[in-house]
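What follows is a short report on a single structure.
The values are calculated or read from the model by the stated rules, or taken from the named source; none is laboratory data. Quick caveat, the model's predicted, so the values are computed rather than measured. Neighbour counts are summed over all protein chains in view; Cβ atoms, including those assigned to glycine, are modelled from backbone coordinates with ideal geometry. Surface areas here come from the heavy atoms of the whole protein model, side chains and all, with no ligands, DNA or RNA. Shrake-Rupley method; radii C 1.70, N 1.55, O 1.52, S 1.80 Å.
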Amino acid sequence: MRLKTVIASALVAVSLGSGAAAAAAPASHECATPSIDRYQQWLASGEGTTVPATGSILVPEGRHRYAAKIKFVNPEWHVMVLWLGNRFEAQADLLRSRGFLMTYSATDDLYVQLRPASDWSGGAKWLTRIPSTHGKVVSRFFSFHPDRWTTLPELGAPSYPLSEALDDARGLVFVGKTPNDLVVKGLRVDGYRPPCVY
């Protein structure tokens, strides 16, 4: 059984390309408190109408497993936050990372912003599109290559290059302007292992 699991993991990594290999590797033990791949802080920010409105969006899913679930309501901007270092003050150096592998479902398109500690606030950030899965759970690799990241005129353009956001990355911020049911079941960043903080 273990051999089948190892082979299946290897096939997933190969199918996603070499850039996803590290991200697809099995994660270490989860944290003592609820987490997904050791990420403990999945938060509804209170910006836009969401369910839940604020606080943690982690919910139990089976024994010792969790999923991050949030519903975006109404045609307005919504914000959901993931702190990469599990503390607001923490930051991660992702300059050598190829990207992240995410297992998720979404009923509409949305975006994820890479927000640096040096310029956390405001909507003018580098972002990449997270395609709708029409409610089906899929695993997709999102590259940190500059060609894959862009800006939205409605939110504004940052005054710094993507490399600066990667250098002191504080969080991934999921934003969307349409009603959406978003569920994240896994997220692994190539070359980065988040610390458990409690």
Scanning the range 86-110 residue by residue, those over 19 Å from Ala165 (Cβ atoms) and of a type in the set (Asp, Glu) turn out to be Asp108, Asp109
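Give the range 46-58 a look and list any residue that's among the aliphatic types (A, V, I, L, M) and surrounded by 14 or more Cβ atoms within 10 Å (Cβ to Cβ), or say none.
Ile57, Leu58
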Given (1) without any contact (Cβ under 8 Å) to a residue 60 or more places away in the chain; (2) part of a loop (DSSP other than H, G, I, E, B); (3) among the charged types (D, E, K, R), Asp147 misses just (2)
(message) Yes or no: the range 111-118 includes at least one residue that is in a loop (DSSP other than H, G, I, E, B) and among the aliphatic types (A, V, I, L, M).
(response) no
Scanning the range 143-159 residue by residue, those under 24 Å from Ser97 (Cα atoms), surrounded by fewer than 15 Cβ atoms within 10 Å (Cβ to Cβ) and not β-branched (Val, Ile, Thr) turn out to be His145, Pro146, Asp147, Arg148, Ala157, Ser159
Pairing a residue in the range 62-89 that is at negative phi with any residue that is among the acidic types (Asp, Glu) and surrounded by 13 or more Cβ atoms within 10 Å (Cβ to Cβ), where Cβ atoms lie under 6 Å and the two sit 6 or more apart in sequence or on different chains, gives Ala67/Glu61; Lys71/Asp181; Val79/Glu47
Practice prompt. Report yes if some residue within the range 76-99 is open to solvent by 40 Å² or more (accessible area, probe 1.4 Å), touching an Asp or Glu at 6+ places or on another chain (Cβ under 6 Å) and under 28 Å from Pro179 (Cβ atoms); otherwise report no.
Written response: no
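Given Val12, Val6, Val79, which one is at pLDDT below 95 and more than 20 Å from Val137 (Cβ to Cβ)? Walk me through it before giving the result.
Working: Val12 fails: more than 20 Å from Val137 (Cβ to Cβ); Val79 fails: at pLDDT below 95.
Testing whether each residue is at pLDDT below 95 and more than 20 Å from Val137 (Cβ to Cβ) leaves just Val6.
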For the range 161-196, the count of residues that are open to solvent by 50 Å² or more (accessible area, probe 1.4 Å) and either among the basic types (Lys, Arg) or at pLDDT below 95 (or both) equals 4
The residue that is surrounded by the fewest Cβ atoms within 10 Å (Cβ to Cβ), considering only those in the range 107-142 that are closer than 19 Å to Arg188 by Cα and touching a helix residue (DSSP H, G or I) at 6+ places or on another chain (Cβ under 6 Å), is Thr128
Does Glu30 qualify as being at pLDDT below 95 and crowded, with 17+ Cβ neighbours inside 10 Å?
yes
Filtering the range 39-66 down to residues that are touching a Gly at 6+ places or on another chain (Cβ under 9 Å) and within 19 Å of His29 (Cβ to Cβ) yields Gln41
